[in-house]
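Novice: What follows is a single structure, and I will ask about it in a moment.
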Amino acid sequence: MPVRLIIVDDHPIVRDGLRGILDTDDIEIVGEAADGPEALAVALRTAPDLVLLDLRMPKMTGAEVIRLLREQQPGIHVLVLTTFDDDADVLPAIEQGATGYLLKDTPRAELRRAVLAAAAGETVLSPTVAGILTRKAQEPEPRTLSPRELEVLRFIARGATNREVAGKLFITEATVKTHLLHVFAKLGVKDRAAAVAVAYELGLLERQR
């Protein structure tokens, strides 16, 4: 069975060009749309295997369209085809569940292969987008503390002992120690003084005046 495809782009000439490239024995174009709401309606009516989606269109962002498409038809796949390759476009689209992300300078044969692969659930990424995702994955996680961990650390910064912290927060000393161990791990330190210093440096604590 050929892949059932919807083309979503707000430029008619682009849709015509994509139809000419993709309408083959392996791919059946079952619908077109010029904006997000129309894409959702066409997808409901035609139940495609894949939506080929531009990101920046009237009425609705590409990320919103992807989210709503996947909510109304969980098994649907979305392949983004756009000219935009910055983090602000790539990351929301991937986070909302896009199966692939290609740029409009993709060669014709490669685009056809990508459509077939994305319809089968395979991840398809342009080299630029793959680089963005790799860089993002290598970034360290933000060093955030829970409200209780911050509360404990504030008392420690004021010179309180574990017993004093336990008394003020109505918890056991063992619980205070556990919170401190979590703080040390998150901040990459080994003792109380270093934890306080790093917390001030990161802006997690406000210096007393």
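The values are calculated or read from the model by the stated rules, or taken from the named source; none is laboratory data. All of these numbers come straight from a predicted model, not from anything done at the bench. Don't worry about glycine lacking a Cβ; one is built from the backbone with ideal geometry, like all the others, and counts go over all protein chains shown. All accessible areas refer to the heavy atoms of the entire protein, side chains included, with ligands and DNA or RNA removed. Shrake-Rupley method; radii C 1.70, N 1.55, O 1.52, S 1.80 Å.
Novice: For V3, enumerate residues with amide H under 5 Å from its amide H, sequence gap 5+ or separate chain, H modeled in the peptide plane.
Specialist: Placed amide hydrogens put I27, E28 under 5 Å from V3.
Novice: Another question about this same structure. On full extension of the chain, what length is gained from L169 through R108, given 0.36 nm per residue of separation minus the C-alpha to C-alpha distance?
Specialist: Stretched out fully, the L169 to R108 stretch lengthens by 15.5 nm.
Novice: Of A93, P107, L187, which is farthest along the charge dipole of segment 72-209 in the positive direction, counting Lys and Arg as +1 and Asp and Glu as -1 at C-beta?
Specialist: Comparing the listed Cα positions along the dipole, L187 ranks first.
Novice: Give me the number: length gained by fully extending T128 to E201, i.e. 0.36 nm times residue separation minus the C-alpha to C-alpha distance, one decimal in nm.
Specialist: Full-extension gain reported as 22.9 nm.
Novice: Right, another one. Tell me which residues come under 5 Å, amide H to amide H, from V78 once H is placed; ignore anything under 5 positions away on its chain.
Specialist: Long-range HN contacts for V78: V51, T99, G100.
Novice: Of the beta bridges DSSP finds with both residues in the chain, what % are antiparallel, to the nearest 5?
Specialist: 5 percent
Novice: A further question follows. Find how many whole Å separate the alpha carbon centroid of segment 81-117 from the alpha carbon centroid of segment 16-75.
Specialist: Between the Cα centres of segment 16-75 and segment 81-117 lies a distance of 13 Å.
Novice: Among rounded, prolate and oblate, which fits segment 1-84 when a ≥ b ≥ c are the square roots of the eigenvalues of its C-alpha gyration tensor, a/c under 1.5 means rounded, and a/b larger than b/c means prolate?
Specialist: oblate
Novice: Expressed as a whole percentage, what fraction of the accessible surface of the chain belongs to carbon and sulfur atoms when a 1.4 Å probe is rolled over the protein heavy atoms?
Specialist: Summing carbon and sulfur atoms, their accessible area is 53 percent of the total for the chain.
Novice: Out of these labelled values of Cα extents along the principal axes in Å, [x] 39, 39, 33; [y] 74, 33, 31; [z] 59, 37, 27, which was calculated from the coordinates shown here?
Specialist: Matching the structure shown: [y].
Novice: Please compute the per residue accessible area over the chain with all protein chains in place, 1.4 Å probe, rounded to a whole number of Å².
Specialist: 55 Å²
Novice: Further question: What value, in deg cm²/dmol to 500, does the helix sum -39500 (n - 2.57) over DSSP H runs of n ≥ 4 give at 222 nm once divided by the residues of the chain?
Specialist: Calculated at 222 nm, the ellipticity per residue is -16000 deg cm²/dmol.
Novice: What lysines does K186 reach when the alpha-carbon gap must be under 29 Å and sequence neighbours fewer than 8 apart in one chain are set aside?
Specialist: K136, K168, K177
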